[in-house]
Amino acid sequence: MTEVFDKDDPRKLETVISFLEMRRPPARPARPVPLRKLAIMRAEKPPVGFYLYLYRSVGAAWNWTDRLMMPAKELEAIIHDDDVEVMVLHVAGVPAGYAELDFRNAGDGQSELGLFGLSPDFIGQRLGGYFLDWAIGALWRPGIERVVVNTNTLDHPRALALYQKAGFEIVGRETSWLVPEDSVERPAES
Ligand SMILES: CC(C)(COP(=O)(O)OP(=O)(O)OC[C@H]1O[C@@H](n2cnc3c(N)ncnc32)[C@H](O)[C@@H]1OP(=O)(O)O)[C@@H](O)C(=O)NCCC(=O)NCCS
């Protein structure tokens, strides 16, 4: 996608967010577990520094910057919430990506794949589809009627199609602006 900068704030890049949802568990079976040394473990109340390592290792190439700009206390409140599960995919002992499962709106029947991705060294090895299917399975819990996710046009070009193939449908689109990594101003206390 051609990069377009905000005329009022040239630090910001234009993007279009697609909002997707799934109203029933996928009909197709989950992809088989790849024949690798895999472990998916919850990072329970992870230190903010470790979380930011994950976030940057997955998102740096795709302009994931919102959480770099968030005050540490605010970020900690999210990732230490009992209803937010930071699930780390390890490949042969190495953190390869993560899925953030957000059940904070489970009372309204909704769960959200808050953040999802692999770090660049692990993309294109048939891990993404497997890990997504696993995450979707984990997001469908008793009482959940709707699973949501969003992706924007600056994410990996295969992300949207992968979500749609997994069973998500686009329910909205919105133009937005994000701050690329080289323009990020970090909060004073972090
Ligand atoms: C989106 C992401 C998870 C996909 O991971 P991946 O490693 O490419 O996933 P896979 O190798 O399992 O491939 C996924 C699908 O894309 C298809 N695919 C792989 N390479 C392809 C290519 N070159 N051209 C077209 N399709 C391709 C595969 O066939 C597979 O579908 P299938 O399993 O039904 O056959 C990964 O690119 C990523 O983490 N990106 C960075 C973060 C991001 O954008 N996150 C999502 C938005 S929040």
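Kindly list the number of the only condition in (1) within 11 Å of the ligand (Cβ to nearest atom); (2) in contact with a strand residue (DSSP E or B) (Cβ under 9 Å, 6 or more places away or on another chain); (3) of a type outside the set (Phe, Trp, Tyr) that fails for Ala161.
(2)
I need a count of the residues in region 41-68 that are crowded, with 16+ Cβ neighbours inside 10 Å, touching a residue at least 40 places away in the same chain (Cβ under 8 Å) and not in a loop (DSSP other than H, G, I, E, B).
The initial filter retains those residues of region 41-68 that are crowded, with 16+ Cβ neighbours inside 10 Å, namely 43, 46, 48, 51-52, 54-59, 61-65, 67-68.
Then drop every residue that is not touching a residue at least 40 places away in the same chain (Cβ under 8 Å), which leaves 43, 46, 48, 54-55, 57-59, 61-65, 68.
So of that shortlist, the ones also not in a loop (DSSP other than H, G, I, E, B) come out as 48, 54-55, 57-59, 61-62, 68.
Summing the residues that are crowded, with 16+ Cβ neighbours inside 10 Å, touching a residue at least 40 places away in the same chain (Cβ under 8 Å) and not in a loop (DSSP other than H, G, I, E, B) in region 41-68 gives 9.
Of all the residues that make up region 85-126, how many are more than 22 Å from Ala60 (Cα to Cα) and either touching a Gly at 6+ places or on another chain (Cβ under 7 Å) or surrounded by fewer than 21 Cβ atoms within 10 Å (Cβ to Cβ) (or both)?
Residues that pass the stated criteria total 9.
Is there a residue in region 69-85 that is in contact (Cβ under 8 Å) with a residue 24 or more places away in the chain and part of a strand (DSSP E or B)? Give the steps one after another, and end with the answer.
Taking region 69-85 and keeping what is in contact (Cβ under 8 Å) with a residue 24 or more places away in the chain, we get 69-73, 75-76, 79-80, 84-85.
Those left that are additionally part of a strand (DSSP E or B): 84-85.
Checked region 69-85: at least one residue is in contact (Cβ under 8 Å) with a residue 24 or more places away in the chain and part of a strand (DSSP E or B).
Give all pairs with beta carbons closer than 6 Å in which a residue from region 115-144 that is touching a residue at least 12 places away in the same chain (Cβ under 8 Å) meets a residue that is among the basic types (Lys, Arg) and surrounded by 14 or more Cβ atoms within 10 Å (Cβ to Cβ); count only pairs at least 6 apart in sequence or on separate chains.
Here the result reads Gly129/Arg31; Tyr130/Arg31; Asp133/Arg31, each pair linking region 115-144 to a residue that is among the basic types (Lys, Arg) and surrounded by 14 or more Cβ atoms within 10 Å (Cβ to Cβ).
Of all residues in region 121-136, which are over 14 Å from the mean Cα position of the chain (by Cα) and within 8 Å of the ligand (Cβ to nearest atom)? Let's see the steps before the verdict.
So the first thing to find is which residues in region 121-136 are over 14 Å from the mean Cα position of the chain (by Cα), and the list is 121-127, 130.
Correct list: Phe122, Ile123, Gly124, Gln125, Arg126, Leu127, Tyr130.
Quick check on region 137-152. Is at least one of its residues over 30 Å from Lys37 (Cβ atoms) and within 10 Å of the ligand (Cβ to nearest atom)?
Here is the first cut: in region 137-152, the ones over 30 Å from Lys37 (Cβ atoms) are 142-146, 148, 150, 152.
Of the ones still in play, those that are also within 10 Å of the ligand (Cβ to nearest atom) are 150, 152.
For region 137-152, residues over 30 Å from Lys37 (Cβ atoms) and within 10 Å of the ligand (Cβ to nearest atom): present.
Conditions (1) surrounded by 15 or more Cβ atoms within 10 Å (Cβ to Cβ); (2) among the aromatic types (Phe, Trp, Tyr); (3) within 15 Å of the chain's Cα centre (by Cα), marked per residue:
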| site | (1), (2), (3) |
| --- | --- |
| Gly143 | no, no, no |
| Asn152 | yes, no, yes |
| Asp155 | yes, no, yes |
| Tyr163 | yes, yes, yes |
| Ile170 | no, no, no |
| Arg173 | no, no, no |
| Asp182 | no, no, no |
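Just for region 4-20: of the residues that are in contact with a Ser or Thr (Cβ under 6 Å, 6 or more places away or on another chain) and exposed (fewer than 15 other Cβ atoms within 10 Å of the Cβ), which one is modelled with the highest pLDDT? Full working, then the answer.
Applying the first criterion (in contact with a Ser or Thr (Cβ under 6 Å, 6 or more places away or on another chain)) to region 4-20 yields 11, 15-18.
If we keep only those that are exposed (fewer than 15 other Cβ atoms within 10 Å of the Cβ) as well, we get 11, 16.
Values: Arg11: 69, Val16: 95.
Among residues in region 4-20 that are in contact with a Ser or Thr (Cβ under 6 Å, 6 or more places away or on another chain) and exposed (fewer than 15 other Cβ atoms within 10 Å of the Cβ), the one modelled with the highest pLDDT is Val16.
Take the residues in region 144-187 that are among the hydrophobic types (A, V, I, L, M, F, W, C) and in a loop (DSSP other than H, G, I, E, B), then tell me which one is nearest to Leu13 (Cα to Cα).
Start the filter on region 144-187 by keeping residues that are among the hydrophobic types (A, V, I, L, M, F, W, C), which leaves 144, 147-149, 154, 159-162, 166, 168, 170-171, 177-179, 184.
Those still in the list that are in a loop (DSSP other than H, G, I, E, B) too: 144, 154, 168, 179, 184.
Details: Ile144: 35, Leu154: 9, Phe168: 26, Val179: 6, Val184: 12 Å.
Selected residue: Val179.
Does Ala43 count as modelled with pLDDT of 95 or more and either among the aliphatic types (A, V, I, L, M) or closer than 20 Å to Glu181 by Cα (or both)?
On the way: modelled with pLDDT of 95 or more: yes; either among the aliphatic types (A, V, I, L, M) or closer than 20 Å to Glu181 by Cα (or both): yes.
So Ala43 passes the test.
May I ask you to say which residue of Leu101, Leu115 is in a strand (DSSP E or B), within 9 Å of the ligand (Cβ to nearest atom) and not polar (S, T, N, Q)?
Selected residue: Leu115, the only one of Leu101, Leu115 that is in a strand (DSSP E or B), within 9 Å of the ligand (Cβ to nearest atom) and not polar (S, T, N, Q).
The values are calculated or read from the model by the stated rules, or taken from the named source; none is laboratory data. Here the structure is a predicted model, which is why all the values come from computation and not from measurement. Cβ coordinates were reconstructed from backbone atoms using ideal geometry, including for glycine residues, and neighbour counts include every protein chain displayed.
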